[in-house]
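Trainee: Before I ask anything, here is the structure I am working with.
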Amino acid sequence: MAASIMDVARRAEVSTATVSRALRGLPNVSEATRARVLRAAEELSYSISPHASSLASGRTGTVGVVLPFVNRWFYSQVLSGIDSVLRAHDLDLLLYNLGDERVHERFFARMPLRRRVDALIVLNLPLSTAESEALVSMEVPIAVLGTRIPGCWHVSIDNAEGASTAVRHLINLGHRRIGMITAAPGDPRGFTSPIVRQHAYRTVLAQAGIPYDPDLEVPGHLSIDKGASAMAQLLSLPVPPTAVFAESDQMAFGALRTLGRMGLRAPHDVSVIGFDNHETAELLDLTTIAQPVAHQGELLAGQILDALSGSSEEPAQVVVPTRLVVRGTTGAAREHPPRYHSTTSAGT
């Protein structure tokens, strides 16, 4: 089997991006590193492909973006950040939406981005080792949001810290019966953010000496309607929660809708905190964990520009901080919380 760029990178103990720059004669590679890469390539009988070399010159003027959902608020915001930076530098954006499993499989079977892009941005896309290697084999700079690909640029938030902050906020307000509206537990595609936030929720409860109750975790599938249904399910428990952490603001919007339809109020009856700082969160006075969504797209595009210009020798790894935004939907726990009994469907 012919050697790959990843084989050369391992032999030379550098990133694949450095291998690519060294073999193309691009700047910002030390002479010692370049010599080590050339020696490894010679030992493995590896040579850079002609089409990859032409891509490095920027002749296509296009950056590919691969993402799992094109119609969700989060991804539209990230895309707006990416597009604003690329447009300012006269680069086009080529979008591939891999939300459907069959489309995902077909994409990696055919690799339609080859010869069509100068660089690639991957947004929160769960990838197998073979799929990651297939992308790296394109021999173009790659920037990744959320998930990681070895040797590639990377931007993420600290999901564990953000979720921990949300749960600690509720505990500090005196809440001990805290529900969680999760994203999609057990998703076969392996999205990591929901799992990390869920684990943080459980960890903080344990640290506070609060027993874990699986009935207090209900899936909301990142939608307003499902978030509303999840809140209705939580309120139907024999001992309902006094506070709820929703993994996304959109699920929190649904939770607030259910409270309103049941004649309840946040935080008087149930405190609610979300995650994202969606532009509607301020309108609904929702307490939330803010993350700069569009800015993450800007950072990814900036990393790609640095990679294409050769201004950075090694791929940057950026962790963007989150922050607690306290508004009107969280408050102190009541000494004797009310009990709710309702069979009303709140998801439609």
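The values are calculated or read from the model by the stated rules, or taken from the named source; none is laboratory data. Keep in mind it's a predicted model, so treat the numbers as computed, not measured. Note: ideal-geometry Cβ built from the backbone for every residue, glycine included; neighbour counts use all protein chains shown. Quick note on the areas: whole protein, heavy atoms, side chains included, nothing else; ligands and nucleic acids left out. Shrake-Rupley method; radii C 1.70, N 1.55, O 1.52, S 1.80 Å.
Trainee: Under the Karplus relation 6.51 cos²θ - 1.76 cosθ + 1.60, θ = phi - 60°, what is the ordered set of whole-Hz ³J(HN,Hα) values for the stretch 60-72, x standing for Gly and Pro?
Mentor: Those phi angles translate into 7, x, 9, 10, x, 10, 10, 8, x, 9, 8, 9, 9 Hz.
Trainee: Scan (i) -0.36, -0.66, -0.76; (ii) -0.25, -0.52, -0.64; (iii) -0.58, -0.90, -0.98 for the value of log10 I(q)/I(0) by the Debye sum over Cα atoms at q = 0.07, 0.10, 0.11 Å⁻¹ calculated from this model and give just the label.
Mentor: Read-out taken from this structure: (i).
Trainee: What are the ³J(HN,Hα) couplings of the stretch 92-102, residue after residue, when phi is run through the Karplus curve with 6.51, -1.76, 1.60 and θ = phi - 60°? Round to Hz, x for glycine and proline.
Mentor: So the Karplus estimates, Gly and Pro as x, are 8, 10, 10, 9, 10, 9, 10, x, 8, 4, 5 Hz.
Trainee: If you build a Gaussian network model of the chain, linking Cα atoms that sit under 10 Å apart, which residue out of SER156, SER84, SER45 swings the most?
Mentor: SER45
Trainee: Sequence-distant or interchain residues sharing an amide H contact under 5 Å with VAL318, placed H: which?
Mentor: Residues meeting the criterion, in which the H sits 1.01 Å from N, are HIS154, VAL155, SER156.
Trainee: Could you identify which residue out of VAL270, VAL204, VAL63 has the top mean-square fluctuation in a GNM of the chain using Cα springs shorter than 10 Å?
Mentor: VAL204
Trainee: Something else about it: Taking amide H atoms as placed 1.01 Å from N in the peptide plane, list the residues 5 or more away in sequence, or in a different chain, whose amide H sits under 5 Å from that of LEU94.
Mentor: VAL63, GLY64, VAL65
Trainee: While we're on this one: Using the heavy atoms of the protein chains and a 1.4 angstrom probe, tell me the accessible area per residue for the chain in square angstrom.
Mentor: Working: 15600 Å² over 348 residues.
The answer is 45 Å² per residue.
Trainee: Can you list the residues, at least 5 places off or on another chain, whose amide H is less than 5 Å from the amide H of GLU217, using H built in the peptide plane?
Mentor: Close amide H contacts, sequence-distant or interchain: MET180.
Trainee: At 222 nm, what value in deg cm²/dmol follows for the chain if DSSP H runs of at least 4 each add -39500 (n - 2.57) and the sum is divided by all its residues, to the nearest 500?
Mentor: Computed ellipticity for the chain at 222 nm equals -13000 deg cm²/dmol.
Trainee: Could you state the number of Å between the C-alpha centres of the stretch 145-165 and the stretch 252-285?
Mentor: After rounding, the separation between the Cα centres reads 27 Å.
Trainee: Tally up the carbon and sulfur contribution to the accessible surface of the chain as a whole percent, 1.4 Å probe, everything protein left in place.
Mentor: 52 percent
Trainee: Here's another thing I want to ask about it. Can you work out the Karplus-derived ³J(HN,Hα) for every residue in the stretch 230-244? Use 6.51 cos²θ - 1.76 cosθ + 1.60 with θ = phi - 60°, whole Hz, and x for glycine or proline.
Mentor: Computed from phi, the couplings for the stretch 230-244 are 5, 5, 4, 5, 5, 6, 8, 5, x, 10, x, x, 9, 8, 9 Hz.
Trainee: Right, another one. Between ARG265 and LEU38, how many nm apart are label points set 7 Å from Cα along the C-beta direction?
Mentor: 7.5 nm
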